[in-house]
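Below is one structure, written out as structure tokens; comments come after it.
Just so it is clear, none of the values below were taken in a lab; they were calculated from the coordinates. Keep in mind that what you see is a predicted model, and the values were worked out from it rather than measured. So basically every Cβ, Gly included, is an ideal-geometry build from the backbone, and we count neighbours across all protein chains shown.
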Amino acid sequence: MRDTIQQDLSAALLGWYDRHAREMPWRVGPADRVAGVLPDPYRVWLSEVMLQQTTVAAVRDYFLRFTARWPNVDALAAAPDDQVMGEWAGLGYYARARNLLKCARVVSEDHGGTFPDTYDTLLKLPGIGPYTAAAISAIAFDQPETVLDGNVERVMARLYDIHDPLPASKPLLKEKAAALTPDIRPGDYAQAVMDLGATICAPKSPACGICPLREPCLARAAGTQNELPRKTPKKPKPTRYGHVYIAQSDDGALLLERRPDKGLLGGMLGWPGSDWSDAPIEAPPFAADWQVMAGEVRHTFTHFHLILRIWTATLPPAYAPEDLIVIEKHAFRPSDLPTVMRKAHDLWRNR
């Protein structure tokens, strides 16, 4: 049972959201909700998957391209894998794109193209974890589920002046967030608390003076808001090394590979290359006078830094290698490459 103070906090945040809600291409704003416009679960799901580990600004154009090309879950389910992976290129965390297709096909084939409307059923879909299931349940179906992302964690840690470090404090922060989640307008509330964290209760220099929760905020009263949330220090990322091989024919065709479905950059186009390790073994895709380029590609993944050396050679005439792909000049799009492979392309092209 929510007490009066919790109800007042939720009401204050919803009132702020009614005035200041951010406009997003996947969002149905509070005024439209009052007018009876309902969110599209497909667009909510797609946006939530895209927004994992990245920002609204980075996702907006990708979302607009995806929904223009595949306006509903059935259209996405029917899309060829390589087209979806190509549109995803640059967003990173490519397992999300593979799970996106798996989930779309399950919803299309097993649920008649309609997303389930309960947390437990959503959780059974490929690529949907506790956060995404709660977000879809709340935002798309107005279920009173507790949505806990980094923004919400920060708001709760400051509101209640919680100094226990993340990630160990997640259960306590979720408990606080759950107590504030109202039965009325839970979808708007979920978006309100995320908006508050993204715009007012920002990681650095929170704008406490204009925050709708400034009066009850315990961290503001204690002067500890800039210290929260605390986080357990991360271990330094190791550095791995690798070789990539860029071969081009006299007429401009390029040699690429389709990476295995499992693992980093799964299912994406890329340059043939070695493993990524402390001491990678050179692995040219064919015998040739390979020349190493000056400079190197540097890229950071979630768990490690990567440094790649680039080797170049001329592609033999009419070369048709097994398990590799020759792409003609007119058909090659650098934008189809994941970021690390595009960095190698750009360094090679500008040599």
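Taking the Kirkwood radius as Rh and the Cα radius of gyration as Rg, region 171-279 has a ratio of Rg/Rh equal to 1.25.
A cut-off under 12 angstrom between Cβ atoms defines the neighbours of residue 264, and their net charge, with Lys, Arg +1 and Asp, Glu -1, is +2. Listed by chain and number, the lysines placed with their C-alpha closer than 20 angstrom to that of residue 262 are 102; residues fewer than eight positions away on the same chain are left out. Going by a ≥ b ≥ c, the root eigenvalues of the Cα gyration tensor, does region 193-232 fall in the rounded group (a/c under 1.5), the prolate group (a/b larger than b/c) or the oblate group? Verdict is oblate for region 193-232. Our coupling estimate for region 114-131, obtained by passing each phi through the Karplus curve with A = 6.51, B = -1.76, C = 1.60 and θ = phi - 60°, is 10, 5, x, 10, 10, 4, 4, 6, 4, 5, 7, 7, x, x, 9, x, x, 5 Hz, Gly and Pro reported as x. Counting every alpha-carbon pair across the chain, the share separated by more than 25 Å comes to 61%. For region 20-97, the set of trypsin sites (Lys or Arg not before Pro) satisfying both a DSSP loop assignment and a count of at most 15 other C-beta atoms within 10 Å is given as 22. When restricted to Cα atoms, region 239-349 yields an Rg and a Dmax of 13.3, 40 Å, respectively. Straight-line cross-link partners of residue 170 among the lysines, defined as a Cα under 20 Å from its Cα and at least 8 positions apart when in the same chain: 231, 234, 235. If you build a Gaussian network model of the chain, linking Cα atoms that sit under 10 Å apart, which residue out of 166, 269, 91 swings the most? Of the options given, 166 has the highest mean-square fluctuation.
Hydrodynamic estimate: the Kirkwood radius of region 1-69 over Cα pairs, inserted into Stokes-Einstein at 4 °C and 1.567 mPa s, corresponds to D of 93 µm²/s.
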